[in-house]
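Below is one structure, written out as structure tokens; the observations come after it.
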Amino acid sequence: MRSLQALLLLLFSLALISPAMAEDEPVSAADAEVLAGHSYHGDSFNEGPRQAAYLMKGMGNVHFSATCKTEEVQKFVDQGIGQLYGFWYFESERSFRQAAALDPECAIAYWGMAMSTRNNSKRAQGFIEEAVKRKEKVTERERMYIDSLAKYLKKKETKKGEKVDRTKQKEAEKKRRQALVKAYEEILHKYPEDIEAKAFLGLALYENKSKGIPISSYYAVDALFKSILAENPLHPCHHFIIHLWDYEEPENAVASAALCGTSEPAIAHMWHMPGHTYSRLKRYQDAVWQQEASARTDHAYMMRDRVLPDQIHNFAHNNEWLIRNLIFIGRAHDALDLAKNMIDLPRHPKYNTLKKRGSTNYGRMRCMQTLSTFQMWDEVLNLSETIYLEPTDSKPEQLKRKVLVAKASFHSGNVLHGCELLTQIKNDLTKLETERDEATQKAIAKAKEEKKNEKDRKSAGERAKRDFSTKIRALETAVNELEGHLHYAHKAYADAAASFAKVSSFDKGWLAMVQQLAGDNKKAIETVNKHVSSHKSETVPLAWKVSVLWNADKKDDAKEAFTELRKISETVDLDVPVFQMLKPIVLELGFTADWRQPREESKDFGERPNLHELGPFRWSPSAAPSFALQDHKEEIRTLSEYAGKNVVVIFYLGHGCLHCAEQLKAFAPMTKKFEEAGLSLIAISTDGQEDLKISHENYGDEEFPFPLVANSDLNVFKDYRCYDDFEKQPLHGTFLIDATGQIRWQDISYEPFMEPEFVLKESKRLLAQPGKASNTGQQNVTTSP
């Protein structure tokens with residue numbers, strides 16, 4: 001691209017972009033050296049939220065006294081502390097940034113930023129350095145907080161090429177954590193009335209457990225939190241109490257589970273956490289309510305503030321656990337619907353891909369689990385032709401897909417297709433076993449050449465062999481299971497049971513039924529009883545138990561199991577196969593076809609707000625702000641001219657931004673591919689209309705392949721949140737806007753998005769999705785029939 005190369009050469013001759021967007025402020029020499037979109041304050045400020053915070057309703061009742069100019073700054077500090085307690089780190093960082101923007105000398109604001117980014121030590125270190133610079137201007141108490149965190153974050157730097165001793169590294173981490181605990185205690189010695197120091201101390205003691213420092217007394221830590229609640233009954237430390245007892249004695253957290261959400265109702269994670277307690281106690285209906293409340297709260301916030309779902313680190317975790325619990329209470333259709341919704345959500349290389357533990361990964365996992373658990377074989381075959389069960393480049397995921405589709409084929413009468421997939425997997429296994437054997441022999445031969453003794457040669461071969469063990473085991477498991485389904489399809493039930501018994505993950509309720517079909521009632525009853533015992537208060541295992549006992553002519557025992565099932569049956573979907581199999585039994589017992597019964601409401605649950613008031617059940621995209629901007633020919637280009645069309649909008653930082661030119665260089669050659677996919681392109685620049693001409697003139701004789709328009713006053717940048725409100729400068733942005741004017745995908749960053757192939761692929765995926773129903777009038781997932 002001769003024209004683009006000329007443009008880049010010109011840009012190399014220009015100075016790096018200056019922060020001219022801070023219209024009324026002079027540009028310093030230091031500022032002039034900062035790359036466009038990057039923070040003037042250093043790398044730590046590049047990432048994270050760069051749009052202004054606002055005082056939210058529903059934050060924690062906490063107060064952390066800070067040396068600051070105004071009451072407004074103090075309110076943002078308090079809000080940030082409450083968000084820290086709710087593990088809402090993205091927003092706590094934003095609140096502390098807002099405090100610093102209002103009062104740049106507020107040292108505790110930088111400490112708060114460091115606390116918000118503790119899981120990114122490099123960023124946290126940059127923030128705490130700013131706090132340390134200002135610590136002499138604050139109270140002794142604030143200095144103690146700043147010094148304690150500064151010491152904790154100070155690690156021994158590893159020189160390039162230096163070998164890392166993991167054991168010493170872990171020991172050093174333990175010492176730093178123990179020192180942090182001691183530092184919080186020192187604050188309490190001097191300021192015993194500081195209940196926030198108690199909260200941070202208790203949190204540190206809990207968090208140390210995951211780093212190899214055991215909690216010597218759970219009750220002592222619990223007593224510490226209870227002393228906070230004695231002064232402030234709705235303090236967000238209810239959250240920490242739930243974590244403390246989660247794997248130890250969850251019953252001890254029931255009181256906090258009832259109050260956690262109401263202590264900070266605007267924070268989704270605070271609704272989610274009681275779901276831990278109720279799940280551990282097998283109170284799955286209560287857990288589902290909490291997790292739905294969390295999902296709705298997150299969706300409302302994300303849609304209001306235009307944040308991509310997986311930018312919030314625990315969002316996907318909540319929703320996938322909600323699906324698990326929906327499965328337990330028999331809500332097959334809602335579980336599947338939610339799993340599909342997770343798959344629908346926008347993907348992003350940083351936050352959400354099949355390889356990351358985000359919505360895509362979890363959604364696909366729970367989609368497969370739901371379909372298999374409820375034996376929804378027709379739905380499997382339908383979805384296998386859609387984005388929900390699409391083929392992937394990931395071999396482990398592709399294997400799971402093949403197994404599921406093969407199972408569905410065997411049980412839907414298409415045995416031939418099931419056999420074809422089984423043969424493919426067997427061939428993959430044979431090929432991998434051959435590769436393993438060749439690698440083993442090669443390793444032994446190499447050891448022999450190196451004059452190793454017999455023992456070392458054998459060890460070398462074993463190491464090479466182990467490299468294949470996980471993949472081979474997965475293929476062997478798949479073969480065993482699918483051979484079982486093949487036997488089942490041919491009514492060779494004894495052989496099917498033998499094959500299924502080799503698969504540890506195979507549904508034991510279903511296995512019991514197959515054992516019974518093979519004529520072994522005793523084994524079937526033993527299997528299903530053991531299964532139900534290890535899956536208490538779950539509807540599907542109980543359904544299998546009822547069926548197996550009834551068919552074994554143990555009708556009194558079956559009736560007793562059915563009575564237990566009815567107690568938790570309020571919301572089961574009766575039309576799915578695992579519950580349909582009970583229909584003749586139910587009728588013979590004298591019940592109607594709809595045998596469900598209302599459950600008894602929990603009396604220790606706390607106040608429940610109306611779920612609709614918290615937010616919509618599903619995330620949906622937001623409307624794109626309109627614009628009308630001039631191109632280099634002084635023609636007005638508007639968003640409305642793309643009505644009924646799909647368009648990718650790029651925000652770039654002027655002809656003087658080298659990185660922006662590289663982005664345009666990456667997208668320009670692909671213009672035709674985008675057009676073939678039904679996508680237009682337009683780029684909005686910080687340049688004035690006259691400066692746009694420079695870009696076009698340096699492109700050469702050709703017209704630039706898509707429109708470039710001017711927005712020197714930055715109003716459209718601000719409308720799309722491609723603007724750092726704290727530093728008054730524009731940011732890079734890339735958006736997909738669909739034919740109805742909804743923003744389906746976005747990237748806003750200090751750097752331009754440089755993967756046009758990803759944007760094209762993701763745009764095709766998102767735009768291929770079937771239309772989604774409006775959230776208006778959405779039923780509560782926990783109460784619909």
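The values are calculated or read from the model by the stated rules, or taken from the named source; none is laboratory data. These numbers were taken from a predicted model, which means no experiment stands behind them. Note: ideal-geometry Cβ built from the backbone for every residue, glycine included; neighbour counts use all protein chains shown. For accessibility, only protein heavy atoms count, side chains too; no ligands or nucleic acids. Shrake-Rupley method; radii C 1.70, N 1.55, O 1.52, S 1.80 Å.
Given the criteria of a type outside the set (Lys, Arg), open to solvent by less than 30 Å² (accessible area, probe 1.4 Å) and either over 23 Å from residue 759 (Cα atoms) or in contact (Cβ under 8 Å) with a residue 12 or more places away in the chain (or both), does residue 382 qualify?
Criteria not met by residue 382.
Among the residues in the range 653-660, are any within 23 Å of residue 762 (Cα to Cα) and either assigned to a helix (DSSP H, G or I) or of a type in the set (A, V, I, L, M) (or both)?
yes
Can you name the helices (runs of 4 or more DSSP H) wholly within the range 568-639 that have at least 1 residues being at pLDDT 95 or above and open to solvent by 50 Å² or more (accessible area, probe 1.4 Å)? Steps first, answer last, please.
Values: elements: 577-580, 583-588, 611-614.
Hits in the range 568-639: 577-580, 583-588.
Name the pairs: first residue in the range 761-779 and over 19 Å from residue 347 (Cβ atoms), second residue at pLDDT 85 or above and assigned to a loop (DSSP other than H, G, I, E, B), Cβ to Cβ under 7 Å, at least 6 apart or on different chains?
So the pair list comes out as 775/616; 775/617; 775/618; 775/620; 778/616; 778/617.
Evaluate the range 439-446: report whether one residue or more is part of a helix (DSSP H, G or I), out of contact with any Ser or Thr (no Cβ under 9 Å at 6 or more places or on another chain) and within 26 Å of residue 489 (Cβ to Cβ).
No, the range 439-446 has no match at all.
For the range 542-563, which positions are crowded, with 17+ Cβ neighbours inside 10 Å and among the acidic types (Asp, Glu)?
557
I'd like the full set of residues that are polar (S, T, N, Q) and in a helix (DSSP H, G or I), limited to the range 174-221. Talk me through it step by step, then tell me what you get.
Initial filter on the range 174-221 (polar (S, T, N, Q)): 178, 208, 210, 216-217.
Answer for the range 174-221, where residues must be polar (S, T, N, Q) and in a helix (DSSP H, G or I): 178, 208, 210.
Hey, does the range 690-710 have a residue that's open to solvent by less than 20 Å² (accessible area, probe 1.4 Å), under 32 Å from the mean Cα position of the chain (by Cα), at pLDDT 95 or above and not β-branched (Val, Ile, Thr)?
Checked the range 690-710: no residue is open to solvent by less than 20 Å² (accessible area, probe 1.4 Å), under 32 Å from the mean Cα position of the chain (by Cα), at pLDDT 95 or above and not β-branched (Val, Ile, Thr).
Under 6 Å by Cβ, and 6 or more places apart or on different chains, what pairs join a residue from the range 199-216 that is under 17 Å from residue 169 (Cα atoms) with one that is hydrophobic (A, V, I, L, M, F, W, C)?
209/215
Pick out the one residue from 743, 748 that is over 22 Å from residue 668 (Cβ atoms) and within 25 Å of the chain's Cα centre (by Cα).
743
Of the residues that sit in the range 741-770 and are at pLDDT 95 or above and of a type in the set (S, T, N, Q), which one is surrounded by the fewest Cβ atoms within 10 Å (Cβ to Cβ)?
Looking at the filtered set, the residue picked out is 742.
Out of all the residues in the range 86-105, is one or more surrounded by fewer than 24 Cβ atoms within 10 Å (Cβ to Cβ), touching a Cys at 6+ places or on another chain (Cβ under 9 Å), touching a residue at least 12 places away in the same chain (Cβ under 8 Å) and not in a loop (DSSP other than H, G, I, E, B)?
Yes, the range 86-105 contains a residue that is surrounded by fewer than 24 Cβ atoms within 10 Å (Cβ to Cβ), touching a Cys at 6+ places or on another chain (Cβ under 9 Å), touching a residue at least 12 places away in the same chain (Cβ under 8 Å) and not in a loop (DSSP other than H, G, I, E, B).
Are there helices (runs of 4 or more DSSP H) fully within the range 342-417 with at least 1 residues that are more than 19 Å from residue 320 (Cα to Cα) and out of contact with any helix residue (DSSP H, G or I) (no Cβ under 7 Å at 6 or more places or on another chain)? List them.
377-383, 395-411
Just to be sure, is residue 293 in contact (Cβ under 8 Å) with a residue 60 or more places away in the chain and part of a helix (DSSP H, G or I)?
Yes.
Confirm whether residue 335 is at pLDDT 95 or above, among the aliphatic types (A, V, I, L, M), within 19 Å of residue 83 (Cα to Cα) and surrounded by 24 or more Cβ atoms within 10 Å (Cβ to Cβ).
In short, no.
Any chance the range 64-78 includes a residue that's at pLDDT 95 or above, more than 20 Å from residue 751 (Cβ to Cβ), among the aromatic types (Phe, Trp, Tyr) and in a helix (DSSP H, G or I)?
yes
Against the definition (free of Cβ contacts under 8 Å to residues at least 24 places away in the same chain, open to solvent by 20 Å² or more (accessible area, probe 1.4 Å) and of a type outside the set (A, V, I, L, M, F, W, C)), how does residue 417 come out, yes or no?
yes
Could you identify the single residue in 533, 505 that is more than 20 Å from residue 375 (Cα to Cα) and surrounded by fewer than 17 Cβ atoms within 10 Å (Cβ to Cβ)?
Going through 533, 505 in turn, the sole match is 533.
Can you go through 665, 645, 693 and tell me which one is in contact (Cβ under 8 Å) with a residue 12 or more places away in the chain, touching a strand residue (DSSP E or B) at 6+ places or on another chain (Cβ under 7 Å) and of a type outside the set (Val, Ile, Thr)?
From the options 665, 645, 693, the qualifying one is 645.
When residues of the range 222-254 are filtered for being under 30 Å from the mean Cα position of the chain (by Cα) and in a helix (DSSP H, G or I), how many remain?
Adding up the residues that qualify gives 15.
Yes/no per residue for (1) charged (D, E, K, R); (2) in a helix (DSSP H, G or I):
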{"residue": "462", "(1), (2)": "yes, yes"}
{"residue": "487", "(1), (2)": "no, yes"}
{"residue": "505", "(1), (2)": "no, no"}
{"residue": "541", "(1), (2)": "no, yes"}
{"residue": "549", "(1), (2)": "no, yes"}
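When the residues of the range 137-181 are filtered to those that are of a type in the set (Ser, Thr, Tyr) and open to solvent by 40 Å² or more (accessible area, probe 1.4 Å), which remaining residue is farthest from the chain's Cα centre (by Cα)?
This residue is 139.
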